[in-house]
Amino acid sequence: MPQFCAMFWKRILFGLLATSLLSMAQAQPLQSGKWLFTLSRPGGLPVYVQANLQQQGSHYVLAFLNDTETLEINNLRLSGDSLHFDMPLFETRLGFRIQSVTQLEGWLLKGTSGEYQRWQVTGQQTDGPRIPGKVQPPVANLSGRWAMQFQRADGSWRPAIAELKQQGNRLTGTIINPSGDYRFLEGRVSGKELYLTAFDGAHIYAFKAQASQDSIVNGVFFSGNAPGDAFKAMRDAKASLPDVTAAAAGMKSGESRLQFRFPDLDSNMVSLTDDRFKGKVTIVQIMGSWCPNCMDETKFLSDYYNGQKMPQVEIVSLAYELSTDFTRSAASLRKFKQRFNVRYPMLITGVKSADPDKAAKTLPQLTDIKYFPTTIFIDKQGRVRKVHNGFYGPGAPEYFEAFKKEFYATMQALLAE
């Protein structure tokens, strides 16, 4: 064979091989539309969550749906037959093998204070309901307020309130306890069976029970990898929560000022004695980037701070994270900072949220830190005037509105002094 022919065929074969390899590296297409993801763990209930997948130009956008909340994800990474992405907040990552244009199989990794939690996850393109399976007409309408109880490991019961809304078989709502709410729950009622789920990257919730017009019984609740908790409820339009003021965080007797000095996300040290805080009303938020209620409060506080016509108020967040690793903590907090356009300092205490001595190690002027978030209001003279424990967000509208009314009244009074 003449030399030029041999060279010609070598070039053709090389070109075909390169084209083949390139096509293998290119991402398989996925069908746009409504998807259902199923998160599974041994010994627990499947957690179902719907999502919308849309192709926008050369990339895809995925949005998880929990009742009225939409969590949009723009960082989908497709390569060959693989799909990976991080949740927009929290230390949660998902990876899939693309089985077909309508089918995904993979895993979820969720950061904790110990080992990462791992879940099996499947995704299926479907126009079906959030909870799959045959649906029967509901025996009752569960809309309204319920006095709820969860069973502790020692057999005692802790109180809560369920606020539910039912339209046909579709059931939505939230659960409220003394420190906050369970955010946006969604599911169904089929016959006597109640099934609610939630997934936002931190919460991985599933509830199942038997319901009638006035009672909910034989309930089991799974949160993350924890063992299931029994629950029950009775319809009660006047249900309320116990007063936990005595157990909540407050200032120690004889103390009126906070003292701390911690690094921000860029390792710059920040203290309440800095010039930016002098003569201003200041809000100190005790929070963590692992905490969904802290997420809701951060959005509220950031919107309030950025909406000031004149900079009369300062805010500073003190973060108690899942680990003492500064780099890991800063990376997680930067998600909050970017997502909610946070322009005030976010400081890393270097103490875990689970540390029983976290108050003594970081804010010894406080009696304790029991709830995340906890919000501390400081007047223009630097004195602590109020400590608010917990937070109710938009998933619990009535309680959220009550919080906002209390917040604005407190700020108005402090600014007027």
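The values are calculated or read from the model by the stated rules, or taken from the named source; none is laboratory data. This is a predicted model, so every value here is computed, not measured. Positions of Cβ are backbone-derived with ideal geometry, glycine not excepted, and every protein chain shown enters the neighbour counts.
Scan the stretch 62-96 for residues that are touching a residue at least 40 places away in the same chain (Cβ under 8 Å) and part of a loop (DSSP other than H, G, I, E, B) and report the count.
Selection size over the stretch 62-96: 9.
Let's see how each residue does on (1) more than 22 Å from the chain's Cα centre (by Cα); (2) of a type outside the set (S, T, N, Q); (3) at pLDDT 95 or above; (4) farther than 30 Å from residue 29 by Cβ:
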| site | (1), (2), (3), (4) |
| --- | --- |
| 69 | no, yes, yes, no |
| 93 | no, yes, yes, no |
| 106 | no, yes, yes, no |
| 125 | yes, no, yes, no |
| 130 | no, yes, yes, no |
| 136 | yes, no, yes, yes |
| 164 | no, yes, yes, yes |
| 168 | yes, yes, yes, yes |
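Give the residues of the stretch 337-351 that are among the aromatic types (Phe, Trp, Tyr) and over 16 Å from residue 373 (Cβ atoms), sorted by residue number. Quick ask: steps written out before the conclusion?
The first filter runs over the stretch 337-351 and keeps only residues among the aromatic types (Phe, Trp, Tyr), leaving 340, 344.
Result: no residue meets the conditions.
Working carefully through the options 188, 183, find the one that is in contact (Cβ under 8 Å) with a residue 60 or more places away in the chain and of a type in the set (Lys, Arg). If you could, list the steps in order and put the result at the bottom.
Working: 188 fails: in contact (Cβ under 8 Å) with a residue 60 or more places away in the chain.
The match here is 183.
Might you check whether a residue that is surrounded by fewer than 23 Cβ atoms within 10 Å (Cβ to Cβ), modelled with pLDDT under 95, more than 17 Å from residue 112 (Cβ to Cβ) and charged (D, E, K, R) occurs anywhere in the stretch 306-314?
Yes, the stretch 306-314 contains a residue that is surrounded by fewer than 23 Cβ atoms within 10 Å (Cβ to Cβ), modelled with pLDDT under 95, more than 17 Å from residue 112 (Cβ to Cβ) and charged (D, E, K, R).
Hey, could you check the stretch 323-344 for residues that are in contact (Cβ under 8 Å) with a residue 12 or more places away in the chain and of a type in the set (Val, Ile, Thr) and say which is nearest to residue 74 (Cα to Cα)?
Per the criteria, the residue is 342.
Inspect the stretch 182-204 for any residue being closer than 18 Å to residue 38 by Cβ, assigned to a loop (DSSP other than H, G, I, E, B), among the small types (Gly, Ala, Ser) and not assigned by TED's automatic domain parsing to the domain that holds residue 373 and give the result as yes or no.
Taking every residue of the stretch 182-204 in turn, at least one turns out to be closer than 18 Å to residue 38 by Cβ, assigned to a loop (DSSP other than H, G, I, E, B), among the small types (Gly, Ala, Ser) and not assigned by TED's automatic domain parsing to the domain that holds residue 373.
Checking residue 222 against (1) farther than 29 Å from residue 134 by Cβ; (2) crowded, with 16+ Cβ neighbours inside 10 Å, which test does it fail?
Every listed condition holds for residue 222 apart from (1).
Looking only at residues that are of a type in the set (Lys, Arg) and in a strand (DSSP E or B) in the stretch 232-273, which one is nearest to residue 388 (Cα to Cα)?
We begin by selecting, within the stretch 232-273, every residue of a type in the set (Lys, Arg); these are 232, 235, 238, 252, 257, 261.
Subset that is in a strand (DSSP E or B): 232, 235, 261.
On the way: 232: 29, 235: 29, 261: 22 Å.
For the stretch 232-273, the residue satisfying everything is 261.
Can you name the residue in the stretch 345-363 that is in contact (Cβ under 8 Å) with a residue 40 or more places away in the chain and part of a loop (DSSP other than H, G, I, E, B) and, of all such residues, is nearest to residue 409 (Cα to Cα)?
Step by step, filter the stretch 345-363, then rank; the result is 345.
Restricting the search to the stretch 32-61, which residues are without any contact (Cβ under 8 Å) to a residue 12 or more places away in the chain, of a type outside the set (Gly, Ala, Ser) and not in a strand (DSSP E or B)?
42
Within the stretch 229-277, how many residues turn out to be modelled with pLDDT under 95, loosely packed, with under 12 Cβ neighbours inside 10 Å and in contact with a Gly (Cβ under 9 Å, 6 or more places away or on another chain)?
Counting residues in the stretch 229-277 that are modelled with pLDDT under 95, loosely packed, with under 12 Cβ neighbours inside 10 Å and in contact with a Gly (Cβ under 9 Å, 6 or more places away or on another chain) gives 0.
For the stretch 219-231, check the following and say yes or no: at least one residue is out of contact with any Ser or Thr (no Cβ under 6 Å at 6 or more places or on another chain), closer than 29 Å to residue 186 by Cβ, of a type in the set (Val, Ile, Thr) and outside any loop (DSSP other than H, G, I, E, B). Reasoning before the result, please.
Step one: of the stretch 219-231, the residues out of contact with any Ser or Thr (no Cβ under 6 Å at 6 or more places or on another chain) are 219-231.
This time we only want the ones that are closer than 29 Å to residue 186 by Cβ, so: 219-231.
Of the ones still in play, those that are also of a type in the set (Val, Ile, Thr) are 220.
Among the residues that remain, those that are also outside any loop (DSSP other than H, G, I, E, B) are: 220.
Scanning the stretch 219-231 turns up at least one residue that is out of contact with any Ser or Thr (no Cβ under 6 Å at 6 or more places or on another chain), closer than 29 Å to residue 186 by Cβ, of a type in the set (Val, Ile, Thr) and outside any loop (DSSP other than H, G, I, E, B).
For the stretch 373-390, state whether one or more residues are in a strand (DSSP E or B), touching a Gly at 6+ places or on another chain (Cβ under 8 Å) and among the polar types (S, T, N, Q). I'd like the intermediate steps shown before the answer.
To start, the set of residues in the stretch 373-390 that are in a strand (DSSP E or B) comprises 374-378, 384-389.
In the following step, the residues that additionally are touching a Gly at 6+ places or on another chain (Cβ under 8 Å) were identified as 374, 387.
Of the ones still in play, those that are also among the polar types (S, T, N, Q) are 374.
Within the stretch 373-390 (the criterion being in a strand (DSSP E or B), touching a Gly at 6+ places or on another chain (Cβ under 8 Å) and among the polar types (S, T, N, Q)), the answer is yes, since at least one residue qualifies.
What about residue 280, is it surrounded by 13 or more Cβ atoms within 10 Å (Cβ to Cβ) and under 25 Å from residue 202 (Cα atoms)? Show your work before the answer.
On the way: surrounded by 13 or more Cβ atoms within 10 Å (Cβ to Cβ): yes; under 25 Å from residue 202 (Cα atoms): no.
Answer is no for this residue.
Could you run through the stretch 83-105 and say how many residues are surrounded by 15 or more Cβ atoms within 10 Å (Cβ to Cβ) and either farther than 30 Å from residue 326 by Cα or of a type in the set (Ser, Thr, Tyr) (or both)? Spell out the reasoning first.
Residues of the stretch 83-105 that are surrounded by 15 or more Cβ atoms within 10 Å (Cβ to Cβ), as a first pass: 83, 85-96, 98-99, 103-104.
From what is left, the residues that are either farther than 30 Å from residue 326 by Cα or of a type in the set (Ser, Thr, Tyr) (or both) are 92, 98-99, 103-104.
Qualifying residue count for the region: 5.
Which residues, taken from the stretch 342-370, are of a type outside the set (D, E, K, R) and touching a helix residue (DSSP H, G or I) at 6+ places or on another chain (Cβ under 6 Å)?
Of the residues in the stretch 342-370, the ones of a type outside the set (D, E, K, R) are 342, 344-351, 353-354, 356, 359-360, 362-367, 369.
Within the stretch 342-370, 342, 344, 346, 348, 349, 351, 366, 369 meet the criteria.
Can you tell me which residues in the stretch 313-336 are closer than 18 Å to residue 375 by Cα and of a type outside the set (A, V, I, L, M)?
Hits for the stretch 313-336 are 314, 317, 320, 321, 336.
Can you tell me which residue in the stretch 291-310 is farthest from the chain's Cα centre (by Cα), limited to those that are polar (S, T, N, Q) and in a helix (DSSP H, G or I)? Write out each step before concluding.
From the stretch 291-310, those polar (S, T, N, Q) are 293, 298, 302, 306, 308; that's our starting set.
From what's left, in a helix (DSSP H, G or I): 293, 298, 302, 306.
Values: 293: 7, 298: 12, 302: 17, 306: 22 Å.
If we take residues in the stretch 291-310 being polar (S, T, N, Q) and in a helix (DSSP H, G or I), then 306 is farthest from the chain's Cα centre (by Cα).
What are the pairs, 6+ residues apart or on separate chains, where a residue within the stretch 383-394 that is closer than 14 Å to residue 367 by Cβ has its Cβ under 7 Å from a residue that is among the small types (Gly, Ala, Ser) and surrounded by fewer than 17 Cβ atoms within 10 Å (Cβ to Cβ)?
384/256
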